[in-house]
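K.L.:
Here's a structure for you.
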Amino acid sequence: MKTEIFDVTKLNGDVLESGEIHAGRGARRDMDEALRSIRIAAKTIRAGGLVAFPTETVYGLGCDAFNEAAVKKVYAAKGRPSDNPMIVHIARASDVGALTPRITPEFVRLADSFWPGPLTMILKKKECVPDATTGGLDTVAVRLPDHPAALELIRASGCPLAAPSANLSGSPSPTKAEHVIRDLSGKADVILAGSDSRVGIESAVLDLTSDIPTILRPGVLSADVLSEVLGREVVCDDALLRDGVSSGAAPKSPGMKYRHYAPKAEMLIVEGSEDRVRAEINRLKSLNERLGAAVGVMLFDERAYAEAARDFYARLRELDDLGVDLILAGALSDRTGIGFAIMNRMFKSAGYRVVKV
Ligand code: AMP
Ligand code: MG
């Protein structure tokens, strides 16, 4: 399959909303070009094709959420197990009515506070949402992304877009256009190449169908922030706490079933106080290098977690590109907000291989 790649970096959300008022002639030309590309992409979606597009979290690989055959093509392109449901992306909160039979006050409150943004909500699904989209579940995951190209694509397509991350299943999520081009050339019909993802890790997934709202996947919006808006408790799915993420449980032996977001290199997390972590990483690096291994190090600034989230997947891919055999990653010590979400990915990437110092 030939993949068409269009540059949409010049699509400016502010100009889109305000019309031509603030746009000079050059900017207007760039905008028109980007809008033309998005119209082509939207036509591809309507014809049952696959379009990769930028969002603020990570890039997505989208198709018409109501077109079962197209959804199946997305699973095939990514090599994604078909029981792993997709997030359905909409362009206006009111479009959720096409997907769910019941709009609850809690949904409205959260949408009002956090959409457009990195929050996915799990709702009861309408009959018309294909099983392929929801992995056979009677619920549907919905999000309204905060990115002008994504919103314009959804609007121009005239349908909600089912879209998982635009990477090959199992590999690190794509936060730069070049990641998508590398993973999906020949597999997607169109790639909309925008700028780098601003948030860098996937949305928080919040289940609103359980008795207590439950976070199934942590994101940059924490349980505390969500709970404050809802005025009641929000809990984290047990599974997130069990795998050593916050319980301090003993590291698990590596297992393929845990390898998600995974680099090609072996990865080991070093956990403990900042000084000790750095010392142990240096020691392990020298040791492994003496044995002939190429070693990459991943350390983040403890005071800049938003940047750590933004850069996490790109750093994994960079280290893979360097061809390292082993990645030594320093665990983040604050596990409350973004730190919890990043560590969730880091543990999965490393297959839960951890040494404590
Ligand atoms: P991705 O599209 O790669 O960002 O992954 C989407 C995430 O949302 C996966 O972790 C899915 O398991 C989760 N998800 C999507 N739909 C549902 C649903 N109906 N119920 C529970 N989790 C869901
Ligand atoms: Mg994914």
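The values are calculated or read from the model by the stated rules, or taken from the named source; none is laboratory data. Just so it is clear, the model here is predicted, and its values are computed rather than measured. We place every Cβ from the backbone using ideal geometry, glycine too, and count neighbours over all the protein chains shown. For accessibility, only protein heavy atoms count, side chains too; no ligands or nucleic acids. Shrake-Rupley method; radii C 1.70, N 1.55, O 1.52, S 1.80 Å.
K.L.:
Net charge near residue 48, counting Lys/Arg +1 and Asp/Glu -1 over other residues with Cβ under 12 Å of its Cβ?
P.N.:
Local net charge: +1.
K.L.:
Let me ask something else. Label 7 Å along Cα→Cβ of residue 260; segment 32-71 residues with amide nitrogen under 18 Å?
P.N.:
Correct set: 57-61.
K.L.:
Please express the Cα-Cα pair-distance distribution P(r) of the chain as a list of whole percents, one per 10 Å bin, running from 0 to the bin with the greatest distance.
P.N.:
All Cα pairs, binned at 10 Å, distribute as 5, 24, 32, 25, 11, 3, 0 percent.
K.L.:
Still on this model: Mind putting together the pair-distance distribution for segment 50-168? All Cα pairs, 10 Å bins, whole percent per bin, short to long.
P.N.:
P(r) over segment 50-168, rounded to whole percents: 15, 51, 32, 3.
K.L.:
Follow-up. What is the magnitude of the charge dipole of the chain about its Cα centre, with +1 placed on the Cβ of each Lys and Arg, -1 on the Cβ of each Asp and Glu, and no other charges, expressed in debye to the nearest 20?
P.N.:
In total the dipole reaches around 780 debye.
K.L.:
Please give the contour-minus-distance gain from residue 98 to residue 5: 0.36 nm per residue of separation, less the Cα-Cα distance, rounded to one decimal in nm. Walk me through the numbers before you get to the answer.
P.N.:
Values: separation 93, 0.36 × 93 = 33.48 nm, distance 3.05 nm.
Contour length minus the Cα-Cα distance gives 30.4 nm.
K.L.:
In segment 310-346, whose amide N lies under 16 Å from the spot 7 Å out along Cα-to-Cβ of residue 278? List them in ranges.
P.N.:
329-333
K.L.:
Tell me which residues come under 5 Å, amide H to amide H, from residue 139 once H is placed; ignore anything under 5 positions away on its chain.
P.N.:
Amide H to amide H, under 5 Å and 5 or more residues apart or across chains, residue 139 pairs with 125.
K.L.:
Taking 0.36 nm per residue of sequence separation and subtracting the Cα-Cα distance, how much length would be gained by fully extending the chain between residue 225 and residue 321, in nm to one decimal?
P.N.:
30.9 nm
K.L.:
Another question about this same structure. What are the ³J(HN,Hα) couplings of segment 6-16, residue after residue, when phi is run through the Karplus curve with 6.51, -1.76, 1.60 and θ = phi - 60°? Round to Hz, x for glycine and proline.
P.N.:
10, 7, 10, 4, 8, 6, 10, x, 5, 5, 4
K.L.:
Run the simple label-point estimate for residue 169 and residue 14 please: 7 Å along Cα→C-beta, distance reported in nm.
P.N.:
4.2 nm
K.L.:
Run the reach check for residue 73 against lysines, Cα to Cα strictly under 28 Å, same-chain hits fewer than 8 apart removed. What comes back?
P.N.:
Within the straight-line cut-off, residue 73 pairs with 2, 43, 124, 125, 126, 176, 187, 257, 264, 348.
K.L.:
Continuing with the same structure: Quick check: net charge around residue 159, other residues with Cβ under 9 Å of its Cβ, Lys/Arg +1 and Asp/Glu -1?
P.N.:
0
K.L.:
Using modelled backbone amide H atoms (1.01 Å from N, in-plane), which distant-in-sequence or interchain residues come within less than 5 Å of residue 267's amide H?
P.N.:
So residue 267 has HN proximity to 327.
K.L.:
Given charges of +1 on the Cβ of Lys and Arg and -1 on the Cβ of Asp and Glu, with all other atoms neutral, how large is the dipole of segment 91-142 about its Cα centre, in debye to the nearest 20?
P.N.:
Charge dipole, segment 91-142, about its Cα centre: 80 debye, nearest 20.
K.L.:
Moving on. Considering the options 286, 308, 347, tell which one lies farthest towards the positive end of the dipole of segment 278-357, charges being +1 on Lys and Arg and -1 on Asp and Glu at the Cβ, about the Cα centre.
P.N.:
347
K.L.:
Using a basic spin-label model with each label point 7 Å from the Cα along Cα→Cβ, how many nm lie between residue 69 and residue 235?
P.N.:
4.4 nm
K.L.:
Could you check how much of the accessible area of the chain is carbon and sulfur, as a whole percent, using a 1.4 Å probe? If you can, show how the numbers build up before the last one.
P.N.:
Working: 7820 of 15690 Å².
Within the chain, the accessible surface is 50 percent carbon and sulfur.
K.L.:
Find the accessible area per residue for segment 3-92; the probe is 1.4 Å, ligands and nucleic acids are left out, and the unit is Å².
P.N.:
48 Å²
K.L.:
Give me the net charge of residue 355's neighbourhood, meaning all other residues with Cβ under 12 Å from the Cβ of residue 355; Lys, Arg count +1, Asp, Glu -1. Intermediate results must be reported in sequence, preceding the final value.
P.N.:
Working: positive: 276, 283, 353, 356; negative: 271, 280.
Local net charge: +2.
K.L.:
Kindly write out, for segment 226-232 in residue order, the coupling ³J(HN,Hα) from the Karplus curve 6.51 cos²θ - 1.76 cosθ + 1.60 (θ = phi - 60°), rounded to whole Hz, with x marking Gly and Pro.
P.N.:
So the Karplus estimates, Gly and Pro as x, are 5, 5, 4, 5, 7, x, 7 Hz.
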